[in-house]
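So the structure is just underneath, and the comments pick up after that.
The values are calculated or read from the model by the stated rules, or taken from the named source; none is laboratory data. Just so we're clear, the structure is a prediction, and the values are computed from it rather than from any experiment. Note that each Cβ is placed from the backbone with ideal geometry, even for glycine, and that neighbours are counted across all protein chains shown.
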There are 2 protein chains.
Amino acid sequence: MSDIPNLDQVKAYLIDLQNELIAALEVADTRAKFIQQDYPTPIGGIARPRVLENGLYIEKAAVQFTHGRGNSLPPAATARNPELKGRPYEAASMSIIVHPLNPYAPTMHANLRFFLVQSKQPFWYFGGGFDLTPYYGFTEDAIHWHATAKKAADRHYDQFKQNCDEYFYITHRKEARGIGGIFFDDWTEGGFRESFKLIQSIGNAIPHAYLPILERRKNTKYSHRERSWQLYRRGRYVEFNLAIDRGTKYGLQSGRRIESVLASLPPLAAWKYDYSPAEGSPEEALLNDYLTPKNWLAQKK
Amino acid sequence: MSDIPNLDQVKAYLIDLQNELIAALEVADTRAKFIQQDYPTPIGGIARPRVLENGLYIEKAAVQFTHGRGNSLPPAATARNPELKGRPYEAASMSIIVHPLNPYAPTMHANLRFFLVQSKQPFWYFGGGFDLTPYYGFTEDAIHWHATAKKAADRHYDQFKQNCDEYFYITHRKEARGIGGIFFDDWTEGGFRESFKLIQSIGNAIPHAYLPILERRKNTKYSHRERSWQLYRRGRYVEFNLAIDRGTKYGLQSGRRIESVLASLPPLAAWKYDYSPAEGSPEEALLNDYLTPKNWLAQKK
């Protein structure tokens, strides 16, 4: 494998990973299947959105691959690289989001992306990561999630974890979105071959990071109380995605298929005015003990 | 009344109007009461949020007055007036949003605001308007709404209606948010006294525009189908408010109390992947016949 950035290689890997994740989620759900339909994107790209709704355990999941091509970079993509404004580009990305039905099972999100501007000196980078958003805190889940992340990101874990805590922060609420994970952007360290290996290591870890947690929590008994709390907290997810997330802003500006861009939104979300959970409740414990960045790998189960 | 811009006069009017609207909505609901609590805002301002939840007919309503003072204008407020950046300012605003429980009753939103930068030559303007978002279309409701708007805005109706159609547009969906109404901003025409009279005419029209429609629809029989459609369409409302609305962006940036800024969000909202209503259904008729700007006053009931 040469060190020249190769979009086809990245594309093949991300589509394989997408297929693997879809198969694993259908097994986990036991009942529902993903809607599978491909769409061409402008100038020879392709979108492969895969969405599952109303499953037995998964209320909604979206696992999407997109190979986008454009003649002119939109503003959201060039804010940090103004010299690229207006140039043709290619991007390959795979994203996954799972909104389980059971409030004791966390929402998970992961994304891997490769960006390339072809020229004599190609400009390229990788970005991505994965983060977890529980509705009820379980230390053993958080430790498993972060231990898997650390194994995958290896010596970059500490930096990527900090990036993640910083990125998935709901500024206007002064709240973390979840318990974090790893996040990186503009990544070129060691050249294409080395970076792509890291991306594969992280991508391959996604099912191992999440599926054991989903299995452990998907049959937990719950009542109206837990469901209400889940819907309320999903409102925060909506707030982050629509008002803060750079990826969503880019999607809304770039003219991508809107149902793909917004497939990450939860199936149902609630807003309650001026609500705080009761003192000493597990709902309050989520806010106080889990939605505050910490070194999970130093915690006791 | 002099023609010097007078914040106290505007404030007194908006608080009276807020009280009137609260009383009228409690009568319409017959059961629920507004939560009433005042909060000081920085440098001697005040927020009077009033929120009603889980009523018999009103699932959520927020009627809020805010007198805000600041030492330095935030970016969202100065985009169109860059020379004001960083100057101290005052703003008085009253906003109302009603999310009825019955899917046949439309969501309504109205806002009136006055902005003032004190100096030897005071800089000031009024803004505001009202718009209606039905889930099922009724021509007689749309005609009543727009006829009331026209009576209130008089010779400015055509311009304000066009402003409203342009402002309440969900760019990424290529859809109108609702059937419009009136909207204006940076309004100083005729000086303070004349402008304030227009604002009062529009403010006084709010209950007459909405309450007859709410009364007419609040007891309509409905089933799961209509409720699902309402929750799905409320998702669009969330998308507009969080991703597009200038007022919300300003609120999120200016450090205002976040529960007030986001009190407009619906109590419950849904997203369904790649959903379209059935051909020939009343849900499709909403999209085709109502969410496209038209001259409602030329329609037949």
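What to note about this one:
- Restricting attention to the range B:120-154, the residues that are within 19 Å of B:Leu14 (Cβ to Cβ) and among the charged types (D, E, K, R) total 1.
- Output for the range B:183-194, where each listed residue is closer than 13 Å to B:Asp3 by Cβ, surrounded by fewer than 20 Cβ atoms within 10 Å (Cβ to Cβ) and touching a residue at least 40 places away in the same chain (Cβ under 8 Å): B:Thr188, B:Gly191, B:Arg193
- For the range B:92-141, residues that are crowded, with 24+ Cβ neighbours inside 10 Å, of a type in the set (A, V, I, L, M) and either farther than 18 Å from B:Asn163 by Cα or over 19 Å from the mean Cα position of the chain (by Cα) (or both) total 5.
- Residues (within 16 Å of A:Tyr237 (Cα to Cα) and of a type in the set (Lys, Arg)) located in the range B:235-262: B:Arg236
- Qualifying residue in the range B:242-256 (condition: under 22 Å from A:Ser260 (Cα atoms), of a type outside the set (Asp, Glu), out of contact with any Asp or Glu (no Cβ under 9 Å at 6 or more places or on another chain) and not in a loop (DSSP other than H, G, I, E, B)): yes
- Restricting attention to the range B:26-53, the residues that are of a type in the set (Val, Ile, Thr), within 12 Å of chain A (Cβ to nearest Cβ) and either in a loop (DSSP other than H, G, I, E, B) or free of Cβ contacts under 8 Å to residues at least 24 places away in the same chain (or both) add up to 1.
- Scanning the range B:257-273 for residues being surrounded by fewer than 19 Cβ atoms within 10 Å (Cβ to Cβ) and assigned to a helix (DSSP H, G or I) gives a total of 2.
- Test: residue in the range B:135-154 that is under 23 Å from B:Thr248 (Cα atoms) and in contact with a helix residue (DSSP H, G or I) (Cβ under 8 Å, 6 or more places away or on another chain): yes
- Residue match in the range B:212-219 (condition: surrounded by fewer than 17 Cβ atoms within 10 Å (Cβ to Cβ), among the basic types (Lys, Arg) and either over 27 Å from B:Thr139 (Cα atoms) or at pLDDT below 95 (or both)): no
- Scanning the range B:203-234 for residues that are of a type in the set (Gly, Ala, Ser) and either within 14 Å of chain A (Cβ to nearest Cβ) or under 21 Å from B:Ile170 (Cβ atoms) (or both) yields a single hit, B:Ser228.
- Here the range A:192-221 is the region considered, the condition is being out of contact with any Phe, Trp or Tyr (no Cβ under 6 Å at 6 or more places or on another chain) and hydroxyl-bearing (Ser, Thr, Tyr), and the residue that is farthest from A:Ala176 (Cα to Cα) is A:Ser201.
- With a requirement of 1 or more residues that are over 27 Å from B:Thr66 (Cβ atoms), none of the strands (runs of 3 or more DSSP E) lying completely within the range B:90-191 satisfies it.
- Subset of the range B:235-252 [within 10 Å of chain A (Cβ to nearest Cβ), out of contact with any Phe, Trp or Tyr (no Cβ under 8 Å at 6 or more places or on another chain) and farther than 18 Å from B:Gly180 by Cβ]: B:Val238, B:Leu242, B:Ala243, B:Thr248, B:Lys249, B:Gly251, B:Leu252
- Condition check for B:Ser276: within 14 Å of chain A (Cβ to nearest Cβ) and either surrounded by fewer than 19 Cβ atoms within 10 Å (Cβ to Cβ) or assigned to a strand (DSSP E or B) (or both): yes
- Condition check for A:Gly180: in contact with a Lys or Arg (Cβ under 8 Å, 6 or more places away or on another chain), over 29 Å from B:Lys174 (Cα atoms) and more than 9 Å from chain B (Cβ to nearest Cβ): yes
- Selection of the range B:253-264 for residues being in contact with a helix residue (DSSP H, G or I) (Cβ under 8 Å, 6 or more places away or on another chain) and facing chain A (nearest Cβ under 8 Å) yields B:Ile258, B:Val261, B:Leu262.
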